[in-house]
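Step one of this worksheet: look at the structure below.
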Amino acid sequence: MNIFDFYADTSKHEELKEILILAGQKHPAGLAANFLEKDIWVTEILRLLYEENLVGDIAVAFKGGTALSKCWKAIERFSEDIDLSIHWAELAGEEDEAEAWDKSVQSGSQRKKFRQKQEKLLTEWSEALVSKLNERFAEYGISELQAELESGSKGEKVNVHFPRVTAGDNDYQLDYVLLEFGGRNRGRPTNPHEVTCYLSEVSELSAFDFPTATVQAYDADYILWEKLTALHQFSTQEREPAFSRLARHWYDVDCLLQSKFSDPLNSSEAMQNVAEMKAQRWAEKGVDYGQALSGGLMLVPGEERLISIAKDHQAAISGGMFFNSPDDFEKIINRIKTAQDDINAANMPLLDVSVAWASSGDWVQAHATYEGCTFYSALFLRKVQSFAEQDLKDKIRKHHVSIL
């Protein structure tokens, strides 16, 4: 049986509701009926984007909490948004990505010009996607099933509304599927992952056909460092962040670090690339992403900000967003603080290393002798010379990791 036939026939909505309530009672993780219902549409949208290729030939990476939950089962919470990153150079139609990058970061005026261009391109791309989604949705014969570009979002948010037959006990969950796009970031490296519907885990519903999809998920190292640098931003930015639905980022990072999802001490390429991308494309007053490279990563904010985030964590628990009861927020923060100290110790400048330089034209290479061994960095453009030094010291630290 096709689950969407029950949506198309309004006379079957009550039966569908009963099926979903039963699923909530029988689901091995105890997921509530309203979450299971929404996941049907999350999975179906992913299928349309990737299996039916509504995203087109452009590189689009699936990332964020929903990717962590559905691709890796790395977190035990229901993530309801679809977070997607479009590879900026492909969106812009750039053939020489390195040259386009250098031009886009030459000055403040060039960064502004680039941002405005990408916003225009992303808006056009998202408008086209909304049209394709709605053309496809029309074939379902389901009333109230519709995609819309969120007004004022500059192409970054597409909302997909569907006829809900279940309801939650609170309003923590959005009553539509939010697709969030980024047009100034990377859309690769990615790896294929198969995602399934949570309802398929309920044996009593084996007679139903539920959607599945093979998606292109962002590389694990990049996901981790985007999460870590997000905490760094929320912890150091001058303006207060919006606290609603913010605590999940600390929960996610804690899960990733505990599960060894990716090693923050052995992912220097992702660390450097993410920090540089955010510094150039998402500058925020008070935030120095370069600190992540030199022992100044801050994952835990000040006390007042932390109190507000802890309240949001409790709201998420009350809202039934977790498959199982999570640890107290204080325990989560203590583990993250320990990880912060370990990462910073590994990235702290080595004071007893004298760095020498070789250069040719616009390119530089750092080298140094440490404990009787000579180490060399990769080649970097002179304008990002600090990344060459960081690469060199990363190689030295790997050699010396046993005493860090």
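The values are calculated or read from the model by the stated rules, or taken from the named source; none is laboratory data. Predicted model, so just to flag it, every value in this text is computed and none were measured. For neighbour counting, all protein chains shown are included, and Cβ atoms are generated from backbone atoms with ideal geometry for every residue, glycine included. When the accessible area is computed, the model is the full protein with side chains, heavy atoms only, and any ligands, DNA or RNA have been set aside. Shrake-Rupley method; radii C 1.70, N 1.55, O 1.52, S 1.80 Å.
Observations, loosely collected:
- Segments classed as helices (runs of 4 or more DSSP H), wholly inside segment 1-52, with at least 1 members that are among the basic types (Lys, Arg), touching a residue at least 40 places away in the same chain (Cβ under 8 Å) and in contact with a strand residue (DSSP E or B) (Cβ under 9 Å, 6 or more places away or on another chain): 33-46
- Within segment 29-42, the presence of at least one residue that is touching a Cys at 6+ places or on another chain (Cβ under 7 Å), closer than 26 Å to Ile142 by Cβ, surrounded by 19 or more Cβ atoms within 10 Å (Cβ to Cβ) and not small (Gly, Ala, Ser) is confirmed.
- Residue-level check: of (1) in contact with a strand residue (DSSP E or B) (Cβ under 9 Å, 6 or more places away or on another chain); (2) under 21 Å from Arg136 (Cα atoms), Phe78 misses just (2).
- When Ala33, Ala100, Ala59 are checked against the criterion of being more than 29 Å from Gln314 (Cβ to Cβ) and at pLDDT below 95, a single residue qualifies: Ala100.
Results for (1) under 21 Å from Glu194 (Cα atoms); (2) open to solvent by 10 Å² or more (accessible area, probe 1.4 Å); (3) touching a helix residue (DSSP H, G or I) at 6+ places or on another chain (Cβ under 9 Å), shown as yes or no for each residue.
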residue	(1), (2), (3)
Ala23	no, no, yes
Lys63	yes, yes, yes
Cys71	yes, yes, no
Phe78	yes, no, yes
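- The residues of segment 166-196 that are at pLDDT below 95 and either surrounded by fewer than 17 Cβ atoms within 10 Å (Cβ to Cβ) or within 30 Å of Lys17 (Cβ to Cβ) (or both), listed by number, are Thr166, Ala167, Gly168, Asp169, Asn170, Asp171, Tyr172, Gln173, Leu174, Asp175, Tyr176, Arg188.
- Against the test of being within 18 Å of Tyr176 (Cα to Cα), surrounded by 12 or more Cβ atoms within 10 Å (Cβ to Cβ) and in contact with a Gly (Cβ under 9 Å, 6 or more places away or on another chain), the options Leu133, Leu122, Leu91, Leu129 yield a single qualifying residue, Leu129.
- Members of segment 203-257 that are assigned to a helix (DSSP H, G or I) and over 18 Å from the mean Cα position of the chain (by Cα): Ser203, Glu204, Leu205, Thr236
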